[in-house]
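Participant: Once you've had a glance at the structure underneath, I'll fire off some questions.
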Amino acid sequence: MNTKVNLAGIEMKNPVTVASGTFGYGREISQFFDLSKLGAVITKGTSLRPKNGNKPPRVCETASGMLNAIGLQNPGVEYFAQNDLPFLRKYDTKIIVNACGSSIDEYVELCKILNTLDIDGVELNLSCPNVKEGCMAFGNSYDGVKRVTTEVRKVLDKPLIVKLTPNVTNIAEIAKAVEDAGADGVSLINTLLAMKIDIYKKAPVLANKTGGLSGPAIKPVAVRMVWQVAQAVNIPILGMGGIINGEDAIEFMLAGATAVSIGAGNFIDPYTSVKTVEGIEEYMKNQKIDDINQIIGVVK
Ligand SMILES: Cc1cc2nc3c(=O)[nH]c(=O)nc-3n(C[C@H](O)[C@H](O)[C@H](O)COP(=O)(O)O)c2cc1C
């Protein structure tokens, strides 16, 4: 059985990776299983300089999901290069850095540095709904996405995957901007802008007031968007949003995803990503599929 896929030039041993921000830099979860079992590890959103993120409370549970407004807390690219990258390199898996910035110059400076590191690709986060500047300001228009992607493409030789926000009217149009600007792949979806109110305090639960919804609650929205994007572009798709097992992953691949990320599912059970790899193999055996690539985008 062949489970290998090529995501935007990144050769993955299987189609399963982890969604940025739900896996840190892999250290904590490496206590549970061998990270070499994953097709790739995607890091926490990493910026040019360290960021403290938003004030707590920054997460809360909702029906079949969760809200977060972390605000891209991270130690910065230099710290990552010196401490986390050597740790991750010990494993036989691909390393994709989720890159975030608050201006085009910042994205470009960051990607110049990432281009010199021993990593396998970059996932450009143009989609975080929880920071006041950057990301969403670029991520929700064709022109914004095209501008950032074009500038980053000039300095980045490594595989470039651009991560999209679902908080737009026409996701296919935004994906087209990514393709037109020369990116190698597109990833979706980031979280849906949402809110929870404490009815006794008569106040928002999150200090940031609003946050991003993720987990199984968003899966049908994510599948629909992956399918729409698959009809609109020719570059590979990294699909995510509520995946917690092999069957969910297969659904995304049938909709057009070449690979999938596990996000909030890691918080339910730290083994979710490896169980998803096993679930995909199980499905292939039952359905007598000898190459996983045969199911990508079958549903038109
Ligand atoms: C706690 C938390 C932190 C996140 N941080 C990031 C981030 O730093 N960069 C990013 O692109 N997406 C971030 N995301 C979004 C996820 O990568 C993913 O796109 C989203 O959660 C949908 O997948 P899921 O339903 O499987 O969680 C974060 C999500 C959560 C729950």
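Participant: Applying 1/(1 + (r/R0)^6) with R0 = 51 Å to the Cβ-Cβ distance of SER36 and VAL221, what FRET efficiency is obtained, to the nearest 0.05?
Facilitator: 0.95
Participant: Which pairs, out of LYS176/LYS288; LYS13/LYS209; LYS154/LYS176; LYS55/LYS201, put more than 29 Å between their alpha-carbon atoms?
Facilitator: LYS176/LYS288; LYS13/LYS209
Participant: Continuing with the same structure: Distance in nm between label sites at LYS300 and ASN2, each 7 Å beyond Cα in the beta-carbon direction?
Facilitator: Rounded to a tenth, the inter-label distance reads 2.2 nm.
Participant: Something else now. Using the charge dipole of the chain (Lys, Arg: +1 at Cβ; Asp, Glu: -1 at Cβ; taken about the Cα centre), state which of VAL18, LEU193, ILE235 has its Cα farthest towards the positive end.
Facilitator: The residue sitting farthest along the positive end of the dipole is LEU193.
Participant: How many Å² of accessible area per residue for segment 37-120, probe 1.4 Å?
Facilitator: 44
Participant: Using only the Cα atoms of segment 60-108, build the gyration tensor, take square roots of its eigenvalues as a ≥ b ≥ c, and label the shape rounded, prolate or oblate: rounded if a/c is under 1.5, else prolate if a/b is larger than b/c, else oblate.
Facilitator: oblate
Participant: Next up: Grab the DSSP H runs of the chain that are 4 residues or longer, score each as -39,500 (n - 2.57), total them, divide by all residues and round the 222 nm result to the nearest 500 deg cm²/dmol.
Facilitator: Using -39500 (n - 2.57) per qualifying helix, the result is -8500 deg cm²/dmol.
Participant: Now for a different question. Going through the cross-link list LYS4/LYS158; LYS94/LYS275; LYS51/LYS202, which pairs have a Cα-Cα distance over 24 Å in this structure?
Facilitator: The pairs that break the limit, which is 24 Å between Cα atoms, are LYS51/LYS202.
Participant: I would also like to ask the following. With each label point set 7 Å from Cα along the Cα-Cβ vector, what nm distance links LYS55 and ALA203?
Facilitator: Calculated label separation equals 0.9 nm.
Participant: Please compute the length gained on full extension between LYS154 and ARG27, using 0.36 nm multiplied by the number of residues separating them and subtracting their Cα-Cα distance.
Facilitator: Taking 0.36 nm per residue and subtracting the Cα distance, the gain is 42.5 nm.
Participant: Can you tell me what share of the DSSP beta bridges in the chain is antiparallel? A percent to the nearest 5 is fine.
Facilitator: Looking only at bridges with both residues in the chain, the antiparallel portion is about 40 percent.
Participant: Considering only protein heavy atoms and a probe of 1.4 Å, how much of the accessible area of the chain is carbon and sulfur, as a whole percent?
Facilitator: Summing carbon and sulfur atoms, their accessible area is 50 percent of the total for the chain.
Participant: Now, a different point. List, in order, the whole-Hz ³J(HN,Hα) value for each residue of segment 211-226 obtained from phi through the Karplus relation with A = 6.51, B = -1.76, C = 1.60 and θ = phi - 60°; use x for Gly and Pro.
Facilitator: Karplus values, whole Hz, x for Gly and Pro: x, x, 8, 9, x, x, 4, 9, 4, x, 5, 5, 4, 4, 5, 4.
Participant: From the residues LEU254, TYR91, CYS60, which one has its Cα farthest along the dipole of the chain in the positive direction, the dipole being from +1 and -1 charges on Cβ of Lys/Arg and Asp/Glu about the Cα centre?
Facilitator: Final value for the positive-end residue is CYS60.
The values are calculated or read from the model by the stated rules, or taken from the named source; none is laboratory data. For clarity, every value in this text was computed on a predicted model and none was experimentally measured. Reconstructed Cβ throughout: ideal geometry from the backbone, glycine too, with neighbour counts over all protein chains shown. Quick note on the areas: whole protein, heavy atoms, side chains included, nothing else; ligands and nucleic acids left out. Shrake-Rupley method; radii C 1.70, N 1.55, O 1.52, S 1.80 Å.
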